[in-house]
Amino acid sequence: MHHFAYRRGASNQNVLHAEGVDLVELSGTVGTPFYCYSTATLERHYRVFAEAFTGVPATLVCYSVKANSNLGVLATLARAGAGMDVVSEGELRRALAVNVPPEKIVFSGVGKTKDEMAFALDAGIFAFNVESEPELRALSEVAAAKRRSARIAFRVNPDIDAKTHHKIATGKAENKFGVPFADALPLYRLASELPGIEASGVHMHIGSQITDLAPFRNAFALLKELVGSLRANGFTIDFVNLGGGLGIPYRHDEPEPPLPSDYAKLVRESVGDLGLRLLFEPGRMIAGNAGILVSRVLYVKRGADKTFTIIDAAMNDLMRPTLYEAHHEILPVVEPMPGTQALVTDVAGPVCETGDYLALARKLPELRPGDLIAVMTAGAYGAVLASEYNSRLLVPEVLVAGDRFAVTRPRPSYEDMLAAERLPGWL
Ligand SMILES: *Cc1c(COP(=O)(O)O)cnc(C)c1O
C-alpha cells in the first residue's frame, strides 16, 4: 500500500502524483533524476507494523536506518514514535539529530570500532547487538574504562535459509553475521564475568526481503529454545530482538508477501508467552514502498537485437537491479492514452557499464525522449546506496507531505563535487 497514484493533472492528463503533488510539476522544479518519498506511506507502514503488536507491552520498533537514512525520513518516523537500529556512528548521529530518544536506539553490525562504542555509550543507547567474542571484549574494555554498563544482546546465527537473494541472506552459518548457536551459552557465561557488560537480550536477524513465514517460524523457535536454556542456566534474559527482514511486494504479478499482522501473529505464538520485551528492526517494510525514483527518457536507441530506452538515472543512483537482480516496476509519469503501443525494451542509464540498467526486457508503453518515468518501490536501499560513479552528481531526495514538498537533500553542484577533493602539494 502506498500513496503514489494517477490523478488528473494540470495538463488535463492523468499524471502520477505523490500524495497531492503532481510529479510532472515536481520534476520541472527539482530536475531529474530524483527520489521522492511519501510521508503518509512512511507513517502508515510504521503504524501498521507497530499496531500489529498492540497489547504486547513495551514493544520497541527500531526502524533500520540503513534502508533509508534521509533526515526527513528519519524525522518523520521519529515523530511517529519509532526507535532506530543503527550500524555506524554516522547513522547514530543521524538518529540523534532528529531527536530519537537514545533509549530507543540499538546498535548492530559486525565491525563496530571502539570509538563508535564509546560514542554510543556516551549517548546512552538502549543496547548493542554483539556479533563476536572479540567485539564483546572490546566493548567490555570501552565500557569499563568509562565506568558504564553496556546492555547487550548477542546476535545469534541460527543457520537458517531465509530463502531470499544470496546477497541479503544473513542467517546461514556461512554468513559473517552473528555468533554460532552452539557458542551462545559459553558466550553469555563469559559476558557475565566481564566488567561493563549486561547481557540481558538475544538478537536474531536472518535476512532481508523474506516473503515466506517459515524461516521466521524456525528462527523464532530456536530463539525460544535458547532463551529457555539461558534462563535454566541462571541468566536473566528480559528482551529479544527479532530483527527485520519482512519482504514487500516488488512485482504486481507475484503473490503478496505476508502481512505485518500475519508476522505479528507468528511472533506472539512463538515468543509471546515468555514475558520478554520484544524489539524489531524493520527497514524495507517501512521505507520500500514509500519511495520512487523519477527519471527522464533521454534517447530511444534501436540496437541490432533490442531496443534500449536510455534514461537520466543509472546504476549509481539505484543499484538494486544490478546488485541484487532486483525487479522494480516502471510506470510512465503521464498515463499513456488508451491504445498506446507496448514494446519490450531494456531501460538503461548513461553509466559506462554493461550492468547499468534499471530493467531488462521490460514491456512498457512506448516511451519518447523527454517522457518521465517512475521507478517504483525504490524507498529502501535506493538513495543510501547511491554514489558519484562516472562523476555523476549525487541524486537529490524530496519528501512530500500532502500538497507540500521539501527537497531534503539537494542536488550538489559540480563545484561542490570538485571542491570535495584536494590536489596534493606536488601537483
Ligand atoms: C539490514 C538490517 C535490518 C533491516 O532489514 P530489512 O530487511 O530492511 O527489514 C534489521 N536488522 C539488522 C541487523 C540489519 O542488518
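The values are calculated or read from the model by the stated rules, or taken from the named source; none is laboratory data. A quick note: this is a predicted structure, and the numbers were derived from the prediction, not measured. Glycine gets a Cβ as well: all are built from the backbone with ideal geometry, and neighbour counts include every protein chain shown. For the accessible areas, the whole protein counts, side chains as well, though only heavy atoms, and no ligand, DNA or RNA atoms are used. Shrake-Rupley method; radii C 1.70, N 1.55, O 1.52, S 1.80 Å.
Residues that are open to solvent by 10 Å² or more (accessible area, probe 1.4 Å) and in contact with a Phe, Trp or Tyr (Cβ under 7 Å, 6 or more places away or on another chain) within the range 86-96 comprise just one, 89. Considered as a group, the residues in the range 50-69 that are farther than 16 Å from residue 381 by Cβ and crowded, with 22+ Cβ neighbours inside 10 Å include one that is farthest from the ligand (Cβ to nearest atom), and that residue is 60. Once the range 335-379 is narrowed to residues that are touching a His at 6+ places or on another chain (Cβ under 9 Å) and hydrophobic (A, V, I, L, M, F, W, C), the residue that is farthest from residue 392 (Cα to Cα) is 376.
Counting only helices (runs of 4 or more DSSP H) that sit completely within the range 13-107, those holding 3 or more residues that are out of contact with any strand residue (DSSP E or B) (no Cβ under 8 Å at 6 or more places or on another chain) and touching a residue at least 40 places away in the same chain (Cβ under 8 Å) correspond to 39-51. For the residues 81, 72, 90, the requirement of being modelled with pLDDT of 95 or more, under 18 Å from the mean Cα position of the chain (by Cα) and within 16 Å of the ligand (Cβ to nearest atom) singles out 90.
The residue pairs whose first member lies in the range 119-139 and is farther than 13 Å from residue 197 by Cα and modelled with pLDDT of 95 or more, whose second member is open to solvent by 10 Å² or more (accessible area, probe 1.4 Å) and assigned to a strand (DSSP E or B), and whose beta carbons are closer than 8 Å, counting only pairs six or more residues apart or on different chains, are 131/155. The residue list 372, 360, 367, 278 contains one member that is hydrophobic (A, V, I, L, M, F, W, C), modelled with pLDDT of 95 or more and open to solvent by 30 Å² or more (accessible area, probe 1.4 Å), which is 360. Quick one: how many residues across the range 208-254 are touching a Phe, Trp or Tyr at 6+ places or on another chain (Cβ under 6 Å) and either open to solvent by 60 Å² or more (accessible area, probe 1.4 Å) or within 16 Å of the ligand (Cβ to nearest atom) (or both)? Residues in the range 208-254 being touching a Phe, Trp or Tyr at 6+ places or on another chain (Cβ under 6 Å) and either open to solvent by 60 Å² or more (accessible area, probe 1.4 Å) or within 16 Å of the ligand (Cβ to nearest atom) (or both): 2 in total. Scanning the range 281-314 for residues that are of a type in the set (A, V, I, L, M) and either open to solvent by 10 Å² or more (accessible area, probe 1.4 Å) or touching an Asp or Glu at 6+ places or on another chain (Cβ under 7 Å) (or both) yields a count of 8.
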